[in-house]
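The values are calculated or read from the model by the stated rules, or taken from the named source; none is laboratory data. What you see is a predicted model, and the numbers here were worked out from it, not measured in a lab. Here the Cβ positions follow ideal geometry from the backbone for every residue, glycine too, while neighbour counts run over all protein chains shown.
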Amino acid sequence: MEPMTELPFTGREAARAVPIALPALFGLVALCLDLFLPRGRSKGPLAITAAAGALITALVTLALWRGGGETLVIAETLSASSFAAALSITILLAAGLIAFAGVHHGQDAPAVATQAHGEFYALLLFATSGMLALVAANDLVTMFVAVETLSIAVYAMTGMDRRRARSAEGAMKYFVLGAFSSGFLLYGMSLLYGATGTMDLTRIAALPLADGRNANLAAMGGMLIMVGLLFKVGAVPYHSWAPDAYEGAPAAVTGFMSVGVKVAAFGAVLKVVTSLGEAKVFGAGPAWALWLVAALTMIVGNAGALTQRNPRRLLAYSAVAHTGYVLIGVLAVARAFDPNHPLAGAGMLDVARDATSGVIFYLLGYGVANLAAFAVLCHLERKGEDVDDLGDLAGLSKKQPGAALVMTLAMVSLAGVPATAGFLGKFWVFRAGIAAGDLGLVILALATSALSLYYYLQVVVAMYMREPGEALYAGEPAPAAPRSLDPEPRRWGSRLAYVVGGVLIVLLGIYPGERLLTLVVQGAQALLS
Amino acid sequence: MTEITTPDAIQLVAAALFAVGVFGVLSRRNLLIVLMSVELMLNGAILSLVGFSREFAHLPGQSEAGQVMVLMAMAVAAAEVALGLSIVIALFRHIRSVDVDAPRATLLRS
């Protein structure tokens, strides 16, 4: 062994990793602060700490990761690029809004055990740290540790209401399937390492992998990694955990995991697809597999949502359906690296960039709408019980016009109606899908989107066209004891969260702003340079 | 060469371990055995990493990457099993069983 004369990285480089450490640091602060709050009292100070942490991290992220310059830091384990910055914005928005939305959880619950836990904020911020590391990961080791950091924190949050059987059961299902997928992820990484001799995705991308044992091994490893990541985004056939975990978890946790986990995992999916595409590991075969997964995800997600009466289960299937739409963009990126593709050539790189920008913007639009919807559901929680039936929303427009309006905006945006954030995202991704030659898939996406209007508008019908205590459908018995939907004066946190969510839905749909769009486009360029 | 532990032999054992784990997760109804099977899957993957790392022993820089991953994966597996067992206990308090098909474990079936 020769003595180490050169440092593996400089202090300047290490400073660029600060955005990943910041949320964890604020998490520790929240954990300590919780010790000084009286038991059973409002966790307002913790929510403000967490939201401040998310805001400060967002500002630091934009300052350090945006723009050009060196992007690979700390022995090439992280890529501090605009791509990571663009996705981090959605993740940090989720953390900040959910910190406020969840602050009243269990406020008026009869049992102490279901009352707000201070650990919620620490876990929220630890998971955020893992998500930021995942979107910046440039190395298989970092990627695995990041996936596990966010997953373990989210499993614990899902089971947070441990006195309720549903919460424990949802956590169990999520955990078993999540750990199962981690096994595939780790084994896939091992095979990829065996084929290439490196964990560094940049080096893997630059490798000439000729046919033979190593190319096959790498292709197998890449597929197993994709299986592990598709579990996390909830793509069919790896979606079965989603409805149960979404229903079992408290509404605030569900909102966070439906946005944060999905955005972070899609960041990793794009990274893996581009790196393995450049290394010529992924050819036409995996692209067809991805095509099939995207089609099935859209069909199963939308069909499953049609019959749901529980708003959280409905949003779970809706989240699965949205995964399918995003996969159209991912597929367009994968197609760019297929040498046998009829449109192969320089033009495909532009299509891939456009698709990546579309995916980033889509995830932001989807995230904002989902966060607004879950913030309203948090706002309507009574005595520790979430709204469990769409019929319970009857008459919300009379009792709480603001909440009903934001919920409507969220549903309309998720359905993809023009002048909302969801429409622009869908337009962008579908356009890239058509440019990449997947017209059939886009037609399927449009058809299933039209179908989705039925279940999204069902929520609106319940809120605006049914009186309180009236049955949702004609011929159905009216609820014996209608749920109270009266506004509660002390719910400032969830009100703030849904107002911000509603404003952002409209703002992103009408005028997203040049700086945001520049960041999104720069993000795509950073990934596919 | 009279070595018994050739790289391919290690990979075969690793693949077998992983496959046994996958089979266990899919076929067993007892949550504790499912958890053990998940650990078997992770151990299979870790063993395969060790094998590849050994294969690259003569190449500086490449062998270490695998070893680092092994250490990280072991730490992660330990954290995961700790959380998994606590969730099993939380669930056991409600359904008085660790069987996935237990009659009371049907709250979330639609």
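Descriptive notes on the structure:
- Filter result for B:Ile10 (without any contact (Cβ under 8 Å) to a residue 60 or more places away in the chain and in contact with a Phe, Trp or Tyr (Cβ under 9 Å, 6 or more places away or on another chain)): yes
- Qualifying residue in the range A:260-274 (condition: within 12 Å of chain B (Cβ to nearest Cβ) and either more than 30 Å from A:Leu377 (Cβ to Cβ) or not in a loop (DSSP other than H, G, I, E, B) (or both)): no
- Meets criteria (within 28 Å of A:Trp241 (Cα to Cα), within 8 Å of chain A (Cβ to nearest Cβ) and without any contact (Cβ under 8 Å) to a residue 60 or more places away in the chain) for B:Ala16: no
- Residue match in the range A:414-426 (condition: assigned to a helix (DSSP H, G or I) and within 16 Å of A:Tyr498 (Cα to Cα)): yes
- Residues that are among the polar types (S, T, N, Q) and under 15 Å from A:Ala101 (Cβ atoms) within the range A:472-529 comprise just one, A:Ser494.
- Residue identified as surrounded by fewer than 18 Cβ atoms within 10 Å (Cβ to Cβ), within 8 Å of another protein chain (Cβ to nearest Cβ) and at pLDDT 85 or above among B:Ala79, B:Ala75: B:Ala79
- Residues in the range A:55-87 that are buried (at least 24 other Cβ atoms within 10 Å of the Cβ), touching a Pro at 6+ places or on another chain (Cβ under 7 Å) and modelled with pLDDT of 90 or more: A:Thr57, A:Thr61.
- Test: residue in the range A:442-456 that is part of a loop (DSSP other than H, G, I, E, B) and aromatic (Phe, Trp, Tyr): no
- Qualifying residue in the range A:226-247 (condition: more than 24 Å from A:Arg166 (Cβ to Cβ) and within 12 Å of another protein chain (Cβ to nearest Cβ)): yes
- Within the range A:290-323, the set of residues being within 15 Å of A:Ala245 (Cα to Cα) and within 15 Å of the chain's Cα centre (by Cα) comprises A:Leu315, A:Ala316, A:Tyr317, A:Ser318, A:Ala319, A:Val320.
- Residue count for the range A:192-220, restricted to those that are within 7 Å of chain B (Cβ to nearest Cβ) and without any contact (Cβ under 8 Å) to a residue 40 or more places away in the chain: 3
- A:Tyr511 being among the hydroxyl-bearing types (Ser, Thr, Tyr) and under 30 Å from A:Leu349 (Cα atoms): yes
- For B:Met69, the requirement of being facing chain A (nearest Cβ under 9 Å), within 16 Å of the chain's Cα centre (by Cα) and either assigned to a helix (DSSP H, G or I) or within 19 Å of A:Leu140 (Cα to Cα) (or both) is met.
- Scanning the range A:151-190 for residues that are touching a Gly at 6+ places or on another chain (Cβ under 6 Å), more than 14 Å from A:Val253 (Cα to Cα) and more than 7 Å from chain B (Cβ to nearest Cβ) turns up A:Ser181, A:Phe184, A:Leu185, A:Gly188.
- Residue match in the range A:206-214 (condition: crowded, with 24+ Cβ neighbours inside 10 Å and assigned to a helix (DSSP H, G or I)): no
- Candidates in the range B:35-66 are the residues that are out of contact with any helix residue (DSSP H, G or I) (no Cβ under 6 Å at 6 or more places or on another chain) and within 7 Å of chain A (Cβ to nearest Cβ); of these, the one that is farthest from A:Asp139 (Cα to Cα) is B:Leu59.
- The residues listed here are A:Ala481, A:Ala474; of these, the one that is farther than 19 Å from A:Val387 by Cα, surrounded by fewer than 20 Cβ atoms within 10 Å (Cβ to Cβ) and of a type in the set (Gly, Ala, Ser) is A:Ala474.
- Residues satisfying the stated conditions in the range B:25-34, i.e. surrounded by 15 or more Cβ atoms within 10 Å (Cβ to Cβ) and facing chain A (nearest Cβ under 10 Å): B:Val25, B:Leu31, B:Val34
- On the stretch given as the range A:312-329, residues that are within 14 Å of A:Tyr238 (Cα to Cα) and among the hydroxyl-bearing types (Ser, Thr, Tyr) total 2.
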